Amino acid sequence: MKFIVAKGLSVVLTLFGVSLLAFFLIRLAPGDPVLLMMGERGADPKLYAALQAKLGLDGSLIKQYFSFLAHALQGDLGHSIVSNQPVTSELLARWPATFELGIFSVCIAICIGIPLGILAAINQNSLLDRCLMAIALGGYSMPVFWWGLVMILFFSIGLDLTPVSGRLGVIYDIEPVTGFMLIDTLLPQSYQDYGSQAFLDALHHLVLPAFVMATVPLAVFARMTRSSMLEVLSEDYIRTARAKGLSEFRIIIVHALRNALVPVISIGGVMFVSIAVSGAILTETIFGLPGVGSYIVNSVYARDYPVIQGSILMIGIFVLCTNLFIDQLNQWVSQRKSE
């Protein structure tokens, strides 16, 4: 009971801190959203004051903060200064694009990174091990914005294998139902109109940005899996399994990997959050994807306070929910490990 109360209090305090950060961080940056809307030259003071009052920017910062907090607790994140649309609806419309990209990126990172880590562990200190870890270190050190541009120049412009930007070709008219393009293109109406072509085109658009986003977590998964596997392979029960004559494949996959996955799951949750937040901002901007990341960047340029505040708060809630899920998953895996 004490643990649940402490966890709940921690979540509340964290969300309060996130709300403070979301509100005050953008206001430390130079620029005035009212002047940006009116034009910095020849602004009429009366019109400026009227527009400032309309946007709720005329009171003190403390008053504005508590007004923002009170509305946020009711699920109202305000209206965008630029589009005059509810921030909540605009974020929810863009979130599936970011989430789809993040999930696909994590899948790529897991499917490639974990096998590479296993391969490096079972060939410890060999040339293959050193080469794989050197590649992983290079991938971890790669700046996403530079790597994305290199991939576009090579695969999209040089080899003409992948699209430069967007989520779907302009020849397809897909009604957004779930917001996940890979799902919407397979819904009955869309599939009836275009068959599997729209789905393949959406997948074609998704592969390159997902691979760019997956580069860093792929490297982390590889290095983390290698370290965890080496630790597990030195345990007594692994030597006992070998003495019993079990096949090496069964020892590695069934006995060693299952127990090595606990720290990998933890780092995987952190990587997923990192991908969905920082990686998405850079990748969506480079590839012109209409997700939360590019939405935040455009809002920063426009000093759109409600959008930035709402986006940071929603990201904070997403991070907290992900961490709670990872904690529960780790407990489940640990229980399975002890059985």
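Assorted remarks:
- Modelled spin-label separation between ASN298 and VAL12, with each label point placed 7 Å from Cα along the Cα-to-Cβ direction: 3.8 nm.
- Using a Förster distance of 41 Å, the FRET efficiency for VAL164-LEU25 (Cβ separation, nearest 0.05): 0.80
- Exposure proxy order (Cβ contacts within 10 Å, fewest to most) of PHE318, PHE16: PHE16, PHE318
- Those residues of segment 158-194 whose amide nitrogen sits under 16 Å from the label point placed on CYS111, 7 Å along Cα→Cβ: 182-183
- DSSP H segments from the chain that extend 15 Å or more along their own axis, Cα-based, with Kyte-Doolittle mean of -1.0 or above: 2-27, 61-73, 87-122, 127-141, 197-233, 257-274, 305-338
- Note on the chain: helix-only mean residue ellipticity at 222 nm, from DSSP H runs of 4+ residues weighted -39500 (n - 2.57) and normalised by residue number, equals -23500 deg cm²/dmol.
- For the chain: rounded, prolate or oblate by the Cα gyration tensor [a/c cutoff 1.5]: prolate
- Annotation: for a label point projected 7 angstrom from Cα along Cα→Cβ of ASP32, residues of segment 57-88 with backbone N closer than 12 Å are 58.
- The chain - charge dipole about Cα centre, Lys and Arg +1 at Cβ, Asp and Glu -1, debye rounded to 20: 1120 debye
- Approximating the spin labels as points 7 Å out from Cα along Cα→Cβ, the GLU175-to-GLN74 distance works out to 3.3 nm.
- The number of Lys pairs in the chain with C-alpha atoms less than 30 Å apart, excluding pairs fewer than 8 positions apart on the same chain, is 7.
- Annotation: the residues SER141, SER294, SER299, SER67, sorted from fewest to most other C-beta atoms within 10 Å of their own C-beta, follow the order SER141, SER67, SER294, SER299.
- Near the amide H of HIS79, within less than 5 Å, lie the amide hydrogens of VAL87, all on another chain or at least 5 residues away, with H placed in the peptide plane.
Each value in this text was obtained by applying a stated rule to the coordinates, not by laboratory testing. None of the values given here were measured: they were computed from a predicted structure. Glycine also receives a Cβ, built like all others from the backbone with ideal geometry; neighbour counts cover every protein chain displayed.
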